[in-house]
1. Taking SER134 as the residue in question, decide whether it is in a loop (DSSP other than H, G, I, E, B), within 27 Å of THR79 (Cα to Cα), at pLDDT below 90 and open to solvent by 80 Å² or more (accessible area, probe 1.4 Å).
2. Here is a check on your reading of the model: is ALA114 among the hydrophobic types (A, V, I, L, M, F, W, C), in contact with a Lys or Arg (Cβ under 7 Å, 6 or more places away or on another chain), surrounded by 19 or more Cβ atoms within 10 Å (Cβ to Cβ) and touching a residue at least 12 places away in the same chain (Cβ under 8 Å)?
3. For the range 39-59, name all the residues that are modelled with pLDDT of 85 or more, under 14 Å from the mean Cα position of the chain (by Cα) and open to solvent by less than 50 Å² (accessible area, probe 1.4 Å).
4. Since ALA153 meets every condition but one in (1) modelled with pLDDT of 85 or more; (2) under 23 Å from ASP81 (Cβ atoms); (3) open to solvent by less than 90 Å² (accessible area, probe 1.4 Å), which condition does it not meet?
5. Would you mind telling me which numbered condition in (1) assigned to a strand (DSSP E or B); (2) surrounded by fewer than 20 Cβ atoms within 10 Å (Cβ to Cβ) GLN99 fails?
6. Name the residues in the range 183-194 that are polar (S, T, N, Q) and either at pLDDT 95 or above or at positive phi (or both), would you?
7. Would you check which residues across the range 61-83 are free of Cβ contacts under 8 Å to residues at least 24 places away in the same chain and open to solvent by less than 30 Å² (accessible area, probe 1.4 Å) and list them?
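The values are calculated or read from the model by the stated rules, or taken from the named source; none is laboratory data. Just so we're clear, the structure is a prediction, and the values are computed from it rather than from any experiment. Neighbour counts run over all protein chains shown; Cβ positions are idealised from the backbone, glycine included. For the accessible areas, the whole protein counts, side chains as well, though only heavy atoms, and no ligand, DNA or RNA atoms are used. Shrake-Rupley method; radii C 1.70, N 1.55, O 1.52, S 1.80 Å.
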Amino acid sequence: MPAGLLLSGATAALLATAVTPANPSSPVFDDPPPDKIVINLATVNGSGCPAGTTAVAVSEDNTAFTVTYSDYLAQAGGTSDPTAFRRNCQLNLVVHVPQGFTYAVASADYRGFAALQPGATGLQRASYYFQGSSQTAYKSHTFTGALNDNWQATDTTDWAQLVWAPCGVQRNFNINTELRVTAGSQSPGKVSFMTMDSTDGDISTVYHLAWKECPPRT
């Protein structure tokens with residue numbers, strides 16, 4: 001993965017740590033700032049995102065960014081590798097925003113495919129946090145078999161509860177996603193699996209952004 005990416009809307013304060021809003025009285029903007037956002041992708045680690053299988057891109061209007069996976073699959077049952085039941089991917093991002101603005105991730109959309117035998121379960125989980133924070137926010141979604149279909153899950157945060165990136169401070173932002181599959185007792189001899197990728201090998205996870213102005217410096 002390249003170390004630096006020019007992304008139009010960036011990640012940062014998703015449902016993560018308890019950071020005081022930059023300016024509670026500032027309105028939330030429907031329109032983002034006009035300048036581009038620079039995101040340096042510091043590291044990509046995890047069994048769900050081997051080198052070269054993950055990409056990050058951003059909308060031109062600064063309202064969302066997308067993570068695409070091509071080898072993110074967890075499976076259990078049958079002759080599956082015992083360690084394959086869990087896959088994860090952690091993205092560590094350095095986000096540079098236009099001066100005078102801060103941002104939050106208002107929602108995240110996850111998509112994939114699940115083939116779960118009767119009695120099997122699948123779990124999609126995500127956490128979001130700033131580097132150096134002692135608090136992490138987790139969101140999870142469970143799927144049960146029998147299931148043989150595309151799946152979608154959305155993490156949302158009420159506007160009043162958005163966690164804003166601190167103004168004037170550069171902190172790395174982390175997104176850690178996870179898939180888990182349990183074969184269950186009804187069909188342990190058959191393979192169940194869950195992917196965060198589509199039949200053409202790519203699926204987009206979209207993070208939607210909110211923006212507002214920082215308070216003026218004194």
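1. no
2. Judged against the criteria, ALA114 is not a match.
3. VAL44, GLY46, GLY48, CYS49
4. Of the numbered conditions (1) modelled with pLDDT of 85 or more; (2) under 23 Å from ASP81 (Cβ atoms); (3) open to solvent by less than 90 Å² (accessible area, probe 1.4 Å), the odd one out for ALA153 is (2).
5. So GLN99 meets the others, but not (1).
6. SER192
7. none
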